[in-house]
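Note sheet for the following structure.
The values are calculated or read from the model by the stated rules, or taken from the named source; none is laboratory data. Since the structure is predicted, the reported quantities are computational estimates derived from the model, not experimental observations. A quick note on method: Cβ atoms are made from the backbone with ideal geometry, for glycine too, and the neighbour counts reach across all protein chains shown.
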Amino acid sequence: MSMSDPKALLMVYCTCPDHAAAISMAEGIVDAGLAACVNIVPGLTSIYRWKGKRQQGTEELLLIKTTADAYPTLQQHIAASHPYELPEIIAVPIDTGLPAYLEWVNESCALTPRLDA
């Protein structure tokens, strides 16, 4: 599948400053129907350059399984609701996987979002 294929699958990486922000972001993404699943990986130490200075901090990583079709809305959702001025949003294609799991991701992202989310 190519990235232009709306059924193409993506793994999106996004870091959050703490567990509360990670939970909030993950729940909002799944409830909006923008991802089938979001894993939260705690305990990251990030070293990065920001505004000309080396920084260091702890973060939690979101591993977001979504479709190419849902990605533009997912990116907008993260950018609008993330606590960082410049959130990490990196998408990489999922080339292969368990066919039933990949179909579940496609089906989950095709569902109408819950209105009460």
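Brief remarks follow.
- Residue in region 64-82 that is farther than 21 Å from Ser108 by Cβ, at pLDDT 95 or above and either of a type in the set (Val, Ile, Thr) or touching a Pro at 6+ places or on another chain (Cβ under 6 Å) (or both) present: no
- Of all the criteria given as (1) in contact (Cβ under 8 Å) with a residue 24 or more places away in the chain; (2) in contact with a helix residue (DSSP H, G or I) (Cβ under 8 Å, 6 or more places away or on another chain), the one not satisfied by Leu102 is (2).
- Of all the listed residues (Thr15, Thr45, Thr58), the sole one being in contact with an Asp or Glu (Cβ under 6 Å, 6 or more places away or on another chain) and hydroxyl-bearing (Ser, Thr, Tyr) is Thr15.
- Qualifying residue in region 9-22 (condition: modelled with pLDDT under 95, touching a Pro at 6+ places or on another chain (Cβ under 8 Å) and not hydroxyl-bearing (Ser, Thr, Tyr)): no
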